[in-house]
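Reading through the structure tokens given below for one structure.
The values are calculated or read from the model by the stated rules, or taken from the named source; none is laboratory data. Computed from a predicted structure; not experimentally measured. When we count neighbours, we look across all protein chains shown, and the Cβ atoms used for this are built from the backbone with ideal geometry, even at glycine. The protein model used for the area step is the full one, side chains on, heavy atoms only, and it has no ligands, DNA or RNA in it. Shrake-Rupley method; radii C 1.70, N 1.55, O 1.52, S 1.80 Å.
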Amino acid sequence: MRSRTFIALLLAVVLTSFTAIPTSLAAHSNGQQPAPAATTIPMLPGTSVPIKVGGGNQVNPSVACNIASYTDDDFEGSSTIRYFDFATNTEHIVPGNGLDRLSDTDGQRIVFTELGATGDHNAIYDIATQTTTFIGGPGNSDPAIGGNIVAFRTGDTPHQNGEIQIYDRSTGGYNVVSFNDLKDFWPAVSPDGNVVVWATCQAERLGCSIYSATKSSDGTLIFTRPVSTTGNNAYPDTNGQLIVYTSERNGENDIYWQRVGGSTEMRLALPGDQRDARISGNLIVFESQVADLSYDVFVYDLKTARLYQVTNTPDVDESLSDIVTGCDGTNRIVYAKPGTFGDFDVWGFNFQLNDSVPDQLNDLTALVLSFNLHDGTENSLISKLQDALAAVNSSNTATACDSLTAFINASQAQSGKKLTAAQVKQLVDSATQVKADLGCQ
């Protein structure tokens, strides 16, 4: 739920108790999650929702539960903040001066930047009371909201570098968290307001490192630490337990993440470039290059180590996606997509993930089949999964666990023979997650 810069779109268009992440995901010493074979990436079932299509340029979408905010530029000198209510299927306009942009929402409030002759100002709009409160002074921009905290860029002038400052709605106090002589960009706040992340850059959005500030026991954001200083990093986000970001290393942009308190840095190894990573709950949404070098939206489930494709639009670049999970049992994605006349439209996507054990076993069977193994190897692996499925359906958990253990052992025995190391890792990780969901000892 973090806003991105308006210009970037026009030019380019945790804690140790985080038990939702499987042990297998966090324990690999090489910190790399192998990419599933192309044939194993399913389209994510769900419903597309046209939030605002046509009639100007709609950009910078942000979503929290039933509310999606975005910037609406009419190409005639007016830019307004609007929001779409999924619960009522209605669109609303946030009052402003016609020069408003860069919004973020927590589902109850919308923060945005209002441009003015005396400098840019940040504002908080309360959806319930329909009131606007301006915060900070001139020269502020790019606000992000979570809990009682609003983080934003401040003091970005020709004679001063932009810093990251926070405003606490509960106390009315301000605090600078970046503490450096460099330019800072892309602030994001966890939903509970306990973690703020941003990028500190050597130049204008180049040579960037990721930093975080977390709350101490007395509620102040004082524990600042570098998260990633390797490569050119961008667009960090956090769910309060993990920090996700993109990083350009060896000529390629990939998705990385690690725990808020520090841990082995994990990388999602996919071909091509990835960008605009966002995290909510166990899900990371991002755009990834596909065969025709355009960008489609994908979702990666940290809990099950599964990758899903959301959009499939050849020669069309989706961008600036955002995600929220667990809103009345529904997950939502919003993103910008080029329109008919060279402008941008905002779309939503509602979905649910079926994480039942039988579905996971069926997915694992499909993964084995996708490897096109020798009949004997394939049959041996699939028979063990079928035994596990039959045991699950008859409520015989112990037998299901034994069958999955046999499957893992058989997979590992074929490493470097009938299976590559990466294939074995996919099979073992998925089977280990099923065992965890079953409660196997």
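Of all residues in segment 288-322, those that are modelled with pLDDT under 95, aliphatic (A, V, I, L, M) and under 23 Å from residue 58 (Cβ atoms) total 2. Contact map, segment 43-62: residues that are at positive phi paired with residues that are outside any strand (DSSP E or B) and of a type in the set (D, E, K, R), Cβ distance under 7 Å, separation 6+ or inter-chain. Pairs shown: 56/74; 56/343; 60/4.
Residues that are surrounded by fewer than 18 Cβ atoms within 10 Å (Cβ to Cβ), among the hydrophobic types (A, V, I, L, M, F, W, C) and farther than 18 Å from residue 440 by Cβ within segment 352-406 comprise 366, 369, 382, listed in sequence order. If the requirement is being at pLDDT below 95, outside any strand (DSSP E or B) and open to solvent by 30 Å² or more (accessible area, probe 1.4 Å), which of these qualifies: 178, 170? Going through 178, 170 in turn, the sole match is 170.
Among residues of segment 115-128 that are within 30 Å of residue 87 (Cα to Cα), those with a beta-carbon under 6 Å from a residue that is modelled with pLDDT under 95 and not in a strand (DSSP E or B) at least six positions away or on a different chain give the pairs 122/136; 122/140.
Residues are listed down the side, and each one gets a yes or a no for (1) under 18 Å from residue 242 (Cα atoms); (2) part of a strand (DSSP E or B); (3) out of contact with any Lys or Arg (no Cβ under 8 Å at 6 or more places or on another chain):
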site	(1), (2), (3)
166	no, yes, yes
187	yes, yes, no
191	yes, no, yes
202	no, yes, yes
211	yes, yes, no
218	no, no, yes
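Among the residues of segment 73-83, those identified as open to solvent by 10 Å² or more (accessible area, probe 1.4 Å) and either at negative phi or hydrophobic (A, V, I, L, M, F, W, C) (or both) are 73, 74, 75, 76, 78, 80, 82, 83. Name the residue, out of 218, 273, 254, that is crowded, with 22+ Cβ neighbours inside 10 Å and of a type outside the set (Val, Ile, Thr). When all the criteria are applied, what remains is 254.
Of the strands (runs of 3 or more DSSP E) contained entirely in segment 91-144, those carrying at least 3 residues that are open to solvent by 20 Å² or more (accessible area, probe 1.4 Å) and over 18 Å from residue 187 (Cβ atoms) fall at 131-135.
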